[in-house]
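**Student:** Please find one structure pasted underneath; my questions will follow.
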Amino acid sequence: MNPAEFDPHAGFEPDPSLLLHASGCRCAFHSRRLFTGALLGTGALLALPALADGVQMDERSSLANLIPAEDIEAAASRQYRQLLQQAAQQRALAPPDHPQVVRLRAIAQRLIPFTTVPNLKSTPRAAQWKWEVNLVGGKQINAFCMPGGKIAFFYGILDQLKMSDDEVAMVMGHEMAHALREHARERMGKTAATSGLIELGSALLGLGQGGRYLANMGGQLLTLRFSRDDESEADKVGLDLAARAGYDPHAGVTLWQKMVAQNKRTPPQWLSTHPAGATRIHDIEASLPLVEPVYARAQKPAQHFGPPKASERRHDSEAQDAPTN
């Protein structure tokens, strides 16, 4: 894709029928190319820090086992591809060389090697995920991560909040945490158990009522909302991931201060399922002593980026109006 074809303010709205979501917010999309090999290859060269400190997570809920992980991830991958196609058709899929795509992927490269550190008790499946990251045009303050490691940011969250690299790492780590801790799978398992939709045996084989339940998976994830405990877990895991990757965990506080300020003007879509306020900031501050030692000894990023520049925001509209020979 020619960079001039990307419109950061395209206002892309994917077809709701395609929305299969990883973390319980509204879902999205990503890049045309897999870059897992580069990510994991780079990550393998990073020395993992000692794990004597950092946040300490409990084991994941056994209710998640009622829903086959491979089915959720396969469905997410299918929906993801269709979303990419929709975004590209609407000039809302940023090309790989867009400055903010380069930025997001560089930050992801640093976080991904730490997604399976023992203290986080992530799903073992994460070690095999084909992580992807991309930027989508639109003013929404939103970001998400699908099952299987499919990450997307809207242009608006970078532009309107003027996020630093540290703050981007907090958002990315938070969304990755929902997938790593299988919050969507757990919530679906709870729903299935309480509604009686899953019968032992037939459900796990994708037959009968279980098969119909899995077929309706996308619709359920559209309305999925995480619990306070899920959100608290995602905050803690996100802080830990970012700190190990060399990003200042205190940015978790400044990020949510920005979110609260924005919420007073126009409630961001990202906050529709992410409670904010003094209590949340207080909880993040309470976790800082656990991750500050991790950050202190972490290898810091050699390259620093920043929020979108005015030249980036104007680039596409100017390119469209430029005379041709």
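**Student:** Residue 150: which lysines have alpha carbons under 27 Å from its alpha carbon, excluding same-chain residues fewer than 8 sequence positions away?
**Tutor:** Hits, sequence-local ones excluded: 121, 130, 139, 162, 190, 236, 258, 300, 309.
**Student:** Now, a different point. Sorted by average packing, counted as other Cβ atoms within 10 angstrom per residue and highest first, what order do 79-88, 278-287 take?
**Tutor:** 79-88, 278-287
**Student:** Heavy-atom accessible area of residue 9 with all protein chains present, probe 1.4 Å, nearest 10 Å²?
**Tutor:** Counting only protein heavy atoms, the figure is 70 Å².
**Student:** Taking 0.36 nm per residue of separation and subtracting the Cα-Cα distance, what length does fully extending residue 82 through residue 102 add?
**Tutor:** 4.9 nm
**Student:** Compute the distance in nm between two label points, each set 7 Å from the Cα along the Cα-to-Cβ direction, one at residue 261 and one at residue 232.
**Tutor:** 2.8 nm
**Student:** So how far apart, in nm, are the two label points at residue 162 and residue 292 if each is 7 Å from Cα heading toward Cβ?
**Tutor:** Result for the modelled spin labels: 2.7 nm.
**Student:** Show me, for the stretch 302-310, the HN-Hα J-couplings you get by feeding each phi into the Karplus relation (A = 6.51, B = -1.76, C = 1.60, θ = phi - 60°), rounded to Hz, glycine and proline as x.
**Tutor:** Values, residue by residue: 7, 10, 10, 10, x, x, x, 8, 4 Hz.
The values are calculated or read from the model by the stated rules, or taken from the named source; none is laboratory data. Note that this is a predicted model, so its numbers are computed, not measured. Cβ sites come from the backbone with ideal geometry, for glycine too, and all protein chains shown count toward neighbours. Ligands, DNA and RNA are excluded from the accessible area calculation, which covers all protein heavy atoms including side chains. Shrake-Rupley method; radii C 1.70, N 1.55, O 1.52, S 1.80 Å.
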